[in-house]
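Enquirer: Take a look at the following structure, please.
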Amino acid sequence: MNQGIDVFFLTMGAAMVLAMHAGFAFLEAGTVRKKNQVNALVRVLTDFGFSTLAYFFIGFYVAYGIHFFMPVDQLLVLGDNSNGYELVHFFFLLTFAAAIPAIISGGVTERISFWPNVVATVLLVALIYPLFEGMIWNANFGFQTWLEGSFGAAFHDFAGSVVVHAMGGLLALGAVYVLGARKGRYGKNGQIKAILPSNIPYLALGSWVLCVGWFGFNVMSAATAEAASGLVAINSLMAMVGGLLAALVFGKNDPGFVHNGALAGLVAICAGSDIVHPMGALAIGIVAGAGFVIGFQFVQKKMKLDDVLGVIPLHGGAGVWGGISAGIFGQAAFGGAGGVSFISQCIGTATGALIALAGGFIVYTLVDRMMGLRLSEEQEYDGADISVHHISAYPEDDVT
Amino acid sequence: MNQGIDVFFLTMGAAMVLAMHAGFAFLEAGTVRKKNQVNALVRVLTDFGFSTLAYFFIGFYVAYGIHFFMPVDQLLVLGDNSNGYELVHFFFLLTFAAAIPAIISGGVTERISFWPNVVATVLLVALIYPLFEGMIWNANFGFQTWLEGSFGAAFHDFAGSVVVHAMGGLLALGAVYVLGARKGRYGKNGQIKAILPSNIPYLALGSWVLCVGWFGFNVMSAATAEAASGLVAINSLMAMVGGLLAALVFGKNDPGFVHNGALAGLVAICAGSDIVHPMGALAIGIVAGAGFVIGFQFVQKKMKLDDVLGVIPLHGGAGVWGGISAGIFGQAAFGGAGGVSFISQCIGTATGALIALAGGFIVYTLVDRMMGLRLSEEQEYDGADISVHHISAYPEDDVT
Amino acid sequence: MNQGIDVFFLTMGAAMVLAMHAGFAFLEAGTVRKKNQVNALVRVLTDFGFSTLAYFFIGFYVAYGIHFFMPVDQLLVLGDNSNGYELVHFFFLLTFAAAIPAIISGGVTERISFWPNVVATVLLVALIYPLFEGMIWNANFGFQTWLEGSFGAAFHDFAGSVVVHAMGGLLALGAVYVLGARKGRYGKNGQIKAILPSNIPYLALGSWVLCVGWFGFNVMSAATAEAASGLVAINSLMAMVGGLLAALVFGKNDPGFVHNGALAGLVAICAGSDIVHPMGALAIGIVAGAGFVIGFQFVQKKMKLDDVLGVIPLHGGAGVWGGISAGIFGQAAFGGAGGVSFISQCIGTATGALIALAGGFIVYTLVDRMMGLRLSEEQEYDGADISVHHISAYPEDDVT
Amino acid sequence: MKKITAIIKPFKLDDVKDALLDLGINGMTICEVRGHGRQKGHIELYRGAEYTVDFVPKTELSIVLENDQVEAVVDVIINAARSNKVGDGKIFVQDIERVVRIRTGEEDTDALN
Amino acid sequence: MKKITAIIKPFKLDDVKDALLDLGINGMTICEVRGHGRQKGHIELYRGAEYTVDFVPKTELSIVLENDQVEAVVDVIINAARSNKVGDGKIFVQDIERVVRIRTGEEDTDALN
Amino acid sequence: MKKITAIIKPFKLDDVKDALLDLGINGMTICEVRGHGRQKGHIELYRGAEYTVDFVPKTELSIVLENDQVEAVVDVIINAARSNKVGDGKIFVQDIERVVRIRTGEEDTDALN
Ligand SMILES: Nc1ncnc2c1ncn2[C@@H]1O[C@H](COP(=O)(O)OP(=O)(O)O)[C@@H](O)[C@H]1O
Ligand SMILES: Nc1ncnc2c1ncn2[C@@H]1O[C@H](COP(=O)(O)OP(=O)(O)O)[C@@H](O)[C@H]1O
Ligand SMILES: Nc1ncnc2c1ncn2[C@@H]1O[C@H](COP(=O)(O)OP(=O)(O)O)[C@@H](O)[C@H]1O
């Protein structure tokens, strides 16, 4: 039989992760103030567009050494049995790569300039992300071989807790730091001041879309239908539930925490979803959800980083936890499938975190120097919708 | 070939029914008043979370005698050919079980207390629902054997018109009765007073998500790709269309009726979607849609039950009709596939209805006695968003 | 193996295109004024309902000579190996047919009468659309044979750039012309006046749902899993990205243009998605996106057609471009797969365009004569929500 | 003529309107406002940070009427709008020099009836 | 100085504003209000239950101006806001004792120009 | 008694409110309005067509108070609401004949405190 079924498999996966980008857009649109909703929506969509170009022309080659610069008849799509599998595989992996700017977007929103942001997106998706992606998922530079030789197992990151989420969340740290806080976020004495979300239903919608799409993110990371695993599905479920319930309790029923807690659980389970036990997944999710609530307040209040949606704790924090926890709950001793090394998990995770932290500072500082990363004070005050897009989110209301 | 394809099949089904929970959330958020939108959204999500725990630890075992309390290597997911099929099957069936509180939620919204509601959810999903589910879908207690022996065919409920929907809708009857009407719903002389929905677009969004997800609910009820049936797909379509058009006409173009009418048709077709003719499905849908419009007004005006979203007629009424109509239009005489007994359908449906009615009264009375089911008058007046979640749906608007 | 896998394949495709109808509904609800949101939502849903009836009872037979008026046991769904494939294939193709009124809806919204619109929907989906559909996709009337004989290749329209989109968009031209502009759209001297959209987030939501669903529209047009092609998936992606980025630049960051630009790219790639190179797809998308921006302004300002959502340039313009461009970028000289004739593409496209233009004028003039196509001036002023549905989109706000 | 402006609790509007109609007062204009006074706004919580909502929703009701109707209308509003809790609101009376009905150009007393 | 408050139909705002600008009146404040009067609200239908929308949307336009401008402004508003249907609205004139421009602290006539 | 109506920039509301509380002024009512004046509205762009937003968002603040408080309150508002840019807004002072507290029926000075 040909690979049509795998093309189907990955098409569904890619469509589901594509949908997650809509989820990112609405999560952000609901969390920002009304005057920045349009910008949030447009920025997430165009980031996806530019990410596609960056990954198609550069990034995918950097990570996997594959490119598509040859006529269709050489792309192994016609007259053979692959059905163009490589092409839809690109699409699937692109939706992961494009998650990087989508994650960061939630941190830098409400004050970042439009085109400088595009430049940063392109740099990250063409270079920084595929660098680490290739190291882990394509065994580039011998990193995985070294880990396997030294500690008995390679770094295991099934669906990207570290490769995608910790990377995105910690790249955001640099971005948020370089950019500075929104005007009015911190008072004269540095005390935090509430800047309130505009629309909880949009936030909830975004979270739901992300949750549902995540099952494509995780299950289809198997890459072929034959390798599809029910364990990955149930573990994603259990971690999601653990995350949302922990955030419910720790976050005192705050809708923002509950809806993001589910996502924290899902972030954390990516790495080990194919090897931990469902109850291990539940535990991973609970820690991720509670950790998100605590981490959010820590980042905002102690580190004084104005990370609007909390992507540093959500993707960065839970992603790091995901990489490490796969090394714990993946062990046979915890009911897991084994074949995973705690040390390799720590080293792999730390490496990803360092690349992200360094990369974020460098890229955003560079772009800031080159073209100025931030809206002018007046533009920020008027809102990015009017300043950048010359229209508000509810234009009819402006004239009636 | 291994069962990877079935894992894929059920993952898609589970993801689609998971999405339906977002549909429930938005259908409810759009129908309640603005001051209860956040609560509707959070309650549906957390109900899903607690349902997962209840079904994982208790309910699934009650219904099917299966549990997952053993290490991963004994879960038949690795090194054999099942690809963890049982695990994703759990996920799929959980999304059905969790529909029970999601259905009830639409009836009790705007006045139910948060944690007591959680307790009721856990009781229902751990015990009441799996009791009947196991009777019908796992042939527990010899009920199906008896029906088959006595009337020539077991009770046929392909995708849960009765097992899920009538169960949920009639459990809601007890809940709504015990809880009492929202303040201001009925005047001094018992006459009904309009409490208007906040947001028709959210309601429509919820309905659309439910409609689309329903094709996962019904088609993937086949459980394996090999058993997938195009008849189930087209019948779901025809019943949905019948329901929406009948509700359009009978409901005089009311958007609430039209969007819920489509759901009524889908509720009713679950039971017989694999055996009735597409035109039978259309007829089933038409009756369901018209019946919903009439039933809604009957419940509100005559029974004086303040069932906010109309889940008693929608899931209860159309669910009962679905169980019975499968015994009519499933007959070869009506162009159906036959092999179904009208009497078995009536007995099976009645049994489910009785369990639901009794279960609902018992569980909600119990919880009410134990911890008080209802918000205080002041909390209800202020709205559940502020009272329970300390935030409104549009927080920015509260301070600017 | 049986066709269960193909039933699965087309069920997912049909569900995704069904979801696109929700996308149409929200794209329209967000673009119209608040007083017409309910009507937009209800109209799209009921159009889908009536389309189903029209296509089931008449249209499918007109196009393919297939009907379902026989008992279930003769529908080849049980006891053979087709698993009812034909039935789900009907469902899939119906979702295309029903796109015709959904497309037109965006042009005629805010002033069309409810029931006359239903009559037009039925006429189009029962007769006009299947006439051309059958010519192209079922080789009716010898049109394709003639093209193949004369120019070496039949008209190639893989997923319906012309069969669906140009058809819908150009049918809308007649409808919009017959109907006339919304009151207040053009000033005394014919100068255009802004009528502003109510809700950009709804518009964005609609666009996202359409984008994601479109991968079902295109990839599942292969009809069987075995024929699924990764090339179709990546090309849809590249054209979508080309369209959105071109609309971003040409549309000066206008959110309406950006979100619709992605759709323009997707419209244009339908025809050639299985034969052009990904970079060809990118080029096709770029032209479609830029063309949409220019075409929109041309239609509104020069042709003075009050095409509210811009469906004439979006579906009509980009659809025509899609038909033609498949004949360019499909050539081996442009890296495509070849086997396509530029002349056949032009003739096929022109034929579809002519049928649509003529059909639109005839059907809408007919309906207008028979029953009056347009709301009264007062109804239009009050808004279709109150006039037709006796309720507004935010009823709670009307009484508090 | 006088203008009565009453700031009331939103959920009392229906009662007040009905009472005014009973009195034969038919013309009125309402506006959604927010008030600060003895009734305190509440504290809300967003992601672990408290913030105070200083202004609570109120409805402002404006009625322009003849001088001799003022007393009765004030009484009626007091009775209908009172819930005996802090925040029931205030009534302000002002002078109006002239009233014109746009449709007819009628002035003052004619414009009001 | 005087304050003119006009309650008009929302879709007439553009015409009224243009007419005022033509007259040289540049400063004004508007507010979305809802009115009850001779023009009846409409009956709506939700899931088979009727309910009355008692208040119809109106726009309240406030202009503070010199005494000698009142007459002209009233005339202009009447002409521009009139649709000759019930519900066209009312104009109220009140006395204003003092006007201050926040930016400069200017008072009265200076504050207005 | 007097009524002070101040049209201010929305983002200055917090400062103004705090300054008034400091002064011991506790009762006030606000309303979201839109204003036209020297400060021009902006031009927006929708799908290639420009349109002007003629009215800019403002907050209207109403305070009813004793005659002898007027001077201080006007000063406080001027200071707190001033950003020294066009559009900072205006303050209007009017006479109020009577004030009633709905909850207690108290009148005038009693009703205000
Ligand atoms: N001095 C004032 N000026 C303007 N509005 C006032 C004033 N005092 C109170 N209000 C309005 O009346 C409302 C109720 O007043 P409050 O002091 O809370 O309760 P009560 O009227 O029962 O004493 C306030 O929310 C505010 O809108
Ligand atoms: N006595 C009044 N006091 C305050 N507002 C009034 C009064 N009478 C009318 N209005 C306002 O004017 C609007 C129009 O009045 P209405 O009686 O319906 O029509 P018309 O002005 O044509 O006679 C009302 O909707 C209301 O907002
Ligand atoms: N004559 C007036 N009558 C009513 N409101 C006015 C008047 N003039 C100004 N305003 C209000 O004051 C606001 C600020 O006025 P503007 O002329 O723009 O700036 P400034 O007060 O700094 O001179 C306006 O937006 C409007 O709401």
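The values are calculated or read from the model by the stated rules, or taken from the named source; none is laboratory data. All values derive from a computational prediction rather than experimental measurement. Because the Cβ atoms are built from the backbone with ideal geometry, glycine has one as well, and the counts that use them run over all protein chains shown.
Enquirer: Listed residues B:A223, B:A228, B:A233; which is over 16 Å from B:A326 (Cβ atoms) and surrounded by fewer than 24 Cβ atoms within 10 Å (Cβ to Cβ)?
Expert: After applying the criteria, what remains is B:A223.
Enquirer: Can you find even one residue in the range F:44-63 that is within 14 Å of ligand 1 (Cβ to nearest atom), touching a Pro at 6+ places or on another chain (Cβ under 8 Å), at pLDDT 95 or above and more than 14 Å from chain C (Cβ to nearest Cβ)?
Expert: Yes, the range F:44-63 contains a residue that is within 14 Å of ligand 1 (Cβ to nearest atom), touching a Pro at 6+ places or on another chain (Cβ under 8 Å), at pLDDT 95 or above and more than 14 Å from chain C (Cβ to nearest Cβ).
Enquirer: Sticking with this one: Which one of these does A:L87 not meet: (1) without any contact (Cβ under 8 Å) to a residue 24 or more places away in the chain; (2) surrounded by fewer than 24 Cβ atoms within 10 Å (Cβ to Cβ)?
Expert: Against the list (1) without any contact (Cβ under 8 Å) to a residue 24 or more places away in the chain; (2) surrounded by fewer than 24 Cβ atoms within 10 Å (Cβ to Cβ), A:L87 comes up short only on (2).
Enquirer: Also: Just give me the residues in the range A:290-325 being over 28 Å from A:I112 (Cα atoms) and out of contact with any Ser or Thr (no Cβ under 7 Å at 6 or more places or on another chain), in sequence order.
Expert: A:A290, A:W321, A:S325 - these are the residues of the range A:290-325 that are over 28 Å from A:I112 (Cα atoms) and out of contact with any Ser or Thr (no Cβ under 7 Å at 6 or more places or on another chain).
Enquirer: Could you count how many residues in the range E:66-81 are within 16 Å of ligand 2 (Cβ to nearest atom) and either surrounded by fewer than 19 Cβ atoms within 10 Å (Cβ to Cβ) or closer than 18 Å to F:A81 by Cβ (or both)?
Expert: Result for the range E:66-81: 1.
Enquirer: State whether the residues of the range D:46-57 include one that is closer than 19 Å to E:E60 by Cβ, more than 16 Å from ligand 3 (Cβ to nearest atom) and touching a residue at least 12 places away in the same chain (Cβ under 8 Å).
Expert: Yes; the residues of the range D:46-57 include at least one that is closer than 19 Å to E:E60 by Cβ, more than 16 Å from ligand 3 (Cβ to nearest atom) and touching a residue at least 12 places away in the same chain (Cβ under 8 Å).
Enquirer: Follow-up. Looking at (1) more than 19 Å from the chain's Cα centre (by Cα); (2) in a helix (DSSP H, G or I), which is the only condition C:L357 fails?
Expert: For C:L357, the exception is condition (1).
Enquirer: Another question about this same structure. Across the range C:303-354, what is the total count of residues that are under 22 Å from the mean Cα position of the chain (by Cα), within 11 Å of another protein chain (Cβ to nearest Cβ) and more than 30 Å from C:G190 (Cα to Cα)?
Expert: Final tally of qualifying residues: 0.
Enquirer: Mind listing whichever residues of the range F:69-81 are within 14 Å of ligand 3 (Cβ to nearest atom) and touching a helix residue (DSSP H, G or I) at 6+ places or on another chain (Cβ under 8 Å)?
Expert: F:I77, F:A81, listed by residue number.
Enquirer: Of the residues in the range C:327-377, how many are over 30 Å from C:L123 (Cα atoms) and of a type outside the set (V, I, T)?
Expert: 14
Enquirer: Look through the range D:96-113, keep the residues that are in a loop (DSSP other than H, G, I, E, B) and of a type outside the set (A, V, I, L, M), and return whichever of them is nearest to ligand 3 (Cβ to nearest atom).
Expert: D:E97
Enquirer: Keeping to the range F:1-43, report how many residues are touching a Cys at 6+ places or on another chain (Cβ under 9 Å), within 9 Å of ligand 3 (Cβ to nearest atom) and either free of Cβ contacts under 8 Å to residues at least 24 places away in the same chain or not charged (D, E, K, R) (or both).
Expert: 1
Enquirer: Out of the residues in the range D:90-113 meeting the condition of being more than 10 Å from ligand 2 (Cβ to nearest atom) and modelled with pLDDT under 95, tell me which one is nearest to the other protein chains (Cβ to nearest Cβ).
Expert: So, considering only residues that are more than 10 Å from ligand 2 (Cβ to nearest atom) and modelled with pLDDT under 95, the one nearest to the other protein chains (Cβ to nearest Cβ) is D:G105.
Enquirer: Would you point out the residue of the range E:1-37, among those that are within 16 Å of ligand 2 (Cβ to nearest atom) and among the basic types (K, R), that is nearest to the other protein chains (Cβ to nearest Cβ)?
Expert: E:R34
Enquirer: Run F:D110 past the list (1) away from ligand 1 (no atom under 12 Å from the Cβ); (2) over 21 Å from the mean Cα position of the chain (by Cα) and report the number of the one that doesn't hold.
Expert: Tallying (1) away from ligand 1 (no atom under 12 Å from the Cβ); (2) over 21 Å from the mean Cα position of the chain (by Cα), F:D110 fails exactly one: (1).
Enquirer: Sort through D:V74, D:V70, D:V93 and tell me the only one that's farther than 26 Å from B:Y381 by Cβ, in a helix (DSSP H, G or I), touching a residue at least 40 places away in the same chain (Cβ under 8 Å) and within 16 Å of ligand 1 (Cβ to nearest atom).
Expert: From the options D:V74, D:V70, D:V93, the qualifying one is D:V74.
Enquirer: May I ask you to list the residues in the range B:355-400 that are in contact with a Ser or Thr (Cβ under 7 Å, 6 or more places away or on another chain), of a type outside the set (A, V, I, L, M, F, W, C), away from every other protein chain (no Cβ under 14 Å) and surrounded by 15 or more Cβ atoms within 10 Å (Cβ to Cβ)?
Expert: Residue satisfying the conditions is B:R374 alone.
Enquirer: Please find, among B:L87, B:L41, B:L78, B:L45, the residue that is facing chain A (nearest Cβ under 7 Å), modelled with pLDDT under 95 and farther than 15 Å from B:F217 by Cβ.
Expert: From the options B:L87, B:L41, B:L78, B:L45, the qualifying one is B:L78.
Enquirer: Same structure, new question: Quick one: in the range C:170-211, of everything that is under 15 Å from the mean Cα position of the chain (by Cα) and at the interface with chain A (Cβ under 10 Å from one of its Cβ atoms), which residue is nearest to C:Y364 (Cα to Cα)?
Expert: Residue satisfying both the conditions and the ranking: C:S207.
Enquirer: Residues that are over 30 Å from A:K193 (Cβ atoms) and either over 11 Å from the mean Cα position of the chain (by Cα) or not hydrophobic (A, V, I, L, M, F, W, C) (or both): does the range D:27-41 have at least one?
Expert: Yes, some residue in the range D:27-41 is over 30 Å from A:K193 (Cβ atoms) and either over 11 Å from the mean Cα position of the chain (by Cα) or not hydrophobic (A, V, I, L, M, F, W, C) (or both).
Enquirer: Are any residues in the range F:6-43 more than 19 Å from A:D397 (Cα to Cα), in a strand (DSSP E or B) and either more than 10 Å from ligand 1 (Cβ to nearest atom) or of a type in the set (A, V, I, L, M, F, W, C) (or both), and if so, which ones?
Expert: Correct list: F:A6, F:I7, F:I8, F:M28, F:I30.
Enquirer: I'd like the full set of residues that are in a loop (DSSP other than H, G, I, E, B) and within 18 Å of the chain's Cα centre (by Cα), limited to the range A:241-298.
Expert: Answer for the range A:241-298, where residues must be in a loop (DSSP other than H, G, I, E, B) and within 18 Å of the chain's Cα centre (by Cα): A:C270, A:A271, A:G272, A:S273.
Enquirer: Now a separate question. Select from the range A:90-115 the residues that are more than 14 Å from every other protein chain (Cβ to nearest Cβ), under 16 Å from A:G372 (Cβ atoms) and part of a helix (DSSP H, G or I) and list them in ascending order.
Expert: A:V108 - this is the single residue of the range A:90-115 that is more than 14 Å from every other protein chain (Cβ to nearest Cβ), under 16 Å from A:G372 (Cβ atoms) and part of a helix (DSSP H, G or I).
Enquirer: Output yes when any residue across the range C:316-335 is assigned to a helix (DSSP H, G or I), farther than 23 Å from C:A102 by Cβ and in contact with a strand residue (DSSP E or B) (Cβ under 6 Å, 6 or more places away or on another chain), and no when none is.
Expert: For the range C:316-335, residues assigned to a helix (DSSP H, G or I), farther than 23 Å from C:A102 by Cβ and in contact with a strand residue (DSSP E or B) (Cβ under 6 Å, 6 or more places away or on another chain): absent.
Enquirer: Next question. Please tell me if E:K17 is within 21 Å of D:T104 (Cα to Cα) and at pLDDT 95 or above.
Expert: yes
Enquirer: Somewhere in the range B:182-198, is a residue in contact (Cβ under 8 Å) with a residue 40 or more places away in the chain, crowded, with 24+ Cβ neighbours inside 10 Å and in a helix (DSSP H, G or I)?
Expert: No; the residues of the range B:182-198 include none that is in contact (Cβ under 8 Å) with a residue 40 or more places away in the chain, crowded, with 24+ Cβ neighbours inside 10 Å and in a helix (DSSP H, G or I).
Enquirer: Just the residues that are assigned to a loop (DSSP other than H, G, I, E, B), more than 16 Å from A:R185 (Cα to Cα) and either modelled with pLDDT under 95 or not hydroxyl-bearing (S, T, Y) (or both), please, taken from the range A:371-394.
Expert: A:G372, A:L373, A:H390, A:I391, A:A393, listed by residue number.
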